[in-house]
Amino acid sequence: MRIRLPSLIALRRRQVIGLAAVLLALAVACSASGTPTPAPAATSAPTPSFAPTPTPTTAPTTTPAPVAMDASVLDAATQETFAVLEELLEELGPRESATDQEAAAARYLHAKFQEFGYAAQIQEFIVENLSLAGMGLTLNTAEPAEFRALPLGQSGLGDVTGIFTPVGLAMPEDIPEAGLEGRIAFAQRGIITFQAKAENVFAAGAVGLVIYNNVFGLFRGVLATQPDFPVISISRSDGETIGDLLAESETEASIALTLEDLPSQNVIAEKKGPGDAVVVLGGHFDTVAEVSGANDNASGTAVLLTIARMLEDVDLPFTLRIIPFGSEELGLLGSRFYVQSLSEEELANTKAMLNFDALGSESGVSVFGDLDLVDLVTAVGSETGVEITGTRGLSGGSSDFASFQKENIPYLMFYGDNLSRIHSEADTIEFVVPELLGGAAVSAAALLQSPGFADFVNGK
């Protein structure tokens, strides 16, 4: 029997998932569109604990039966998840961290989870972030020209003006013999680190540094240590335009870089189960500036929404908490805030975290993390027709699982090996492989319902 998953775009009838012989049992329910609700007032510090107030659901206390799967389920999930991705990109567009666009995306996701019957809330937090005055970089020509820019992480602060001076790649041999005293250095990205570029121009007397990209789009780099002057980045196209201007005449430039408190949001959706055990599914929904972020990370967000709908009427032997995180691109700030908001008891009750990030571009579904979880999901994948490549994760990480790993919470990271287009204008839907989204959604949903995972959560 072929089971079709209805589109989330025009959702009138839904199939639900049961603990029967197949992952998806055919059921029909009418649904109405949810209405987004505004985020709560900003808070400047973590709340002592997370205490949602969902309506309890009856759930089994015994280990669930194994989940069966056929090719039709995987095909349907693939079509469904890709449709969700298309809708996300159409409805939300770029979702730069700690902006109005990110807040709008949070409200959209909140409404979706409510539509699926989850107890949902928006968890707002404050991030201290570097903010550029105006457009970021101003060329003080006869008609001042402004350019969009981003501060590098660990950049110094300042409001500086100086002659804008090209320095190539900012290697020692690129620095003018006369030095850069009182000047703003203009360098191309590449070859040496951002830190080395900053140190080289600072040693020559520069009062600021602008680095233009060597590929399309903006980028947000990170310095190892904080210099005593502002360091910002601009796009390649803007860099080429400025380079042409500087080749014609000496030009003065200005940078204004200040620190600002900005609101950001997590969206927390919960399906209550018996007992105290909690399993978290997460993945960030924010992007870097002016990037649609199809792979990074609308792909993971689409998978989270699809799993949420697939499991909306499934009784699980634990509480399921699905969390799209905000401000990941600023340094995992959303997931860090969430973890810090938990009490010691709540941390102890968090038995596993599954993270979905940039998983849409490569030839197969890949995972890393806790070795037991890797073994479980690869076994489930083979049973469900999803080929999963798994490795054991190492310490550290640049995605939201790392916030949980730091607290010794077992984790599993779903990702794609091809990250060549992330943080660029080329991160578009054309380079997302639908089968990877469907495979991740199906294998994760099957894992959550498997006897082995229930034993893992219960410490058996």
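Give me the number: length gained by fully extending GLU387 to VAL215, i.e. 0.36 nm times residue separation minus the C-alpha to C-alpha distance, one decimal in nm. Before the final figure, lay out each step's value.
Values: separation 172, 0.36 × 172 = 61.92 nm, distance 3.31 nm.
The span from GLU387 to VAL215 would gain 58.6 nm if fully extended.
Only four residue types carry charge here, +1 at the Cβ of Lys and Arg and -1 at the Cβ of Asp and Glu. Report the dipole size of segment 128-260 about the Cα centre in Debye, rounded to the nearest 20.
With only Lys, Arg, Asp and Glu charged at Cβ, the dipole is about 440 debye.
Set the Förster distance to 45 Å, then compute FRET efficiency between ASN408 and ALA142 from the Cβ-Cβ distance, nearest 0.05.
0.15
At a Cα cut-off below 20 Å, give the lysines reachable from LYS271, other chains included and same-chain residues fewer than 8 away excluded.
LYS112, LYS351
Pull out the extension gain between ALA203 and GLN340, defined as 0.36 nm times the separation in residues minus the alpha carbon to alpha carbon distance; nm, one decimal. Intermediate values should be presented prior to the final figure.
Working: separation 137, 0.36 × 137 = 49.32 nm, distance 3.96 nm.
Fully extending the segment from ALA203 to GLN340 adds 45.4 nm.
Considering only the other residues whose Cβ falls under 11 Å of the Cβ of LEU419, what net charge follows from Lys and Arg at +1 and Asp and Glu at -1?
Net of charged neighbours comes to -4.
Counting pairs of alpha carbon atoms under 8 Å apart in space and at least six apart in sequence, what relative contact order in percent does segment 128-260 give?
Values: 318 pairs, mean separation 51.0, N = 133.
That works out to 38 percent.
Report the one residue of LEU152, PHE229, GLY239 whose Cα lies farthest in the direction of the positive end of the charge dipole of segment 136-250 (charges on C-beta: Lys and Arg +1, Asp and Glu -1; origin at the Cα centre).
Most positive-ward Cα: LEU152.
Which value in nm describes the separation of the simple spin-label points at ASP455 and ASP261, placed 7 Å from the Cα toward the beta carbon?
Going from the ASP455 label point to the ASP261 one covers 5.1 nm.
What are the radius of gyration and Dmax of segment 128-260, computed over its Cα atoms and given in Å?
For segment 128-260, the Cα radius of gyration and maximum Cα-Cα distance read 13.1, 39 Å.
Summing Lys, Arg as +1 and Asp, Glu as -1, what charge do residues with Cβ under 15 Å from the Cβ of THR241 carry, THR241 excluded? Mind dumping the intermediate values first?
Details: positive: ARG148, ARG236; negative: GLU143, GLU146, ASP238, GLU240, ASP244, GLU248.
That sum, taken over residues with Cβ under 15 Å, equals -4.
Net charge near LEU223: determine it from the other residues with C-beta under 15 Å of the C-beta of LEU223, scoring Lys and Arg +1 and Asp and Glu -1.
Summing Lys/Arg as +1 and Asp/Glu as -1 gives +1.
Each reported figure results from applying straightforward, stated rules to the coordinates on display, with no laboratory input. Source: prediction; values computed, not measured. Methodologically, a virtual Cβ is constructed for each residue, glycine included, from the backbone with ideal geometry; neighbour enumeration extends over all protein chains shown.
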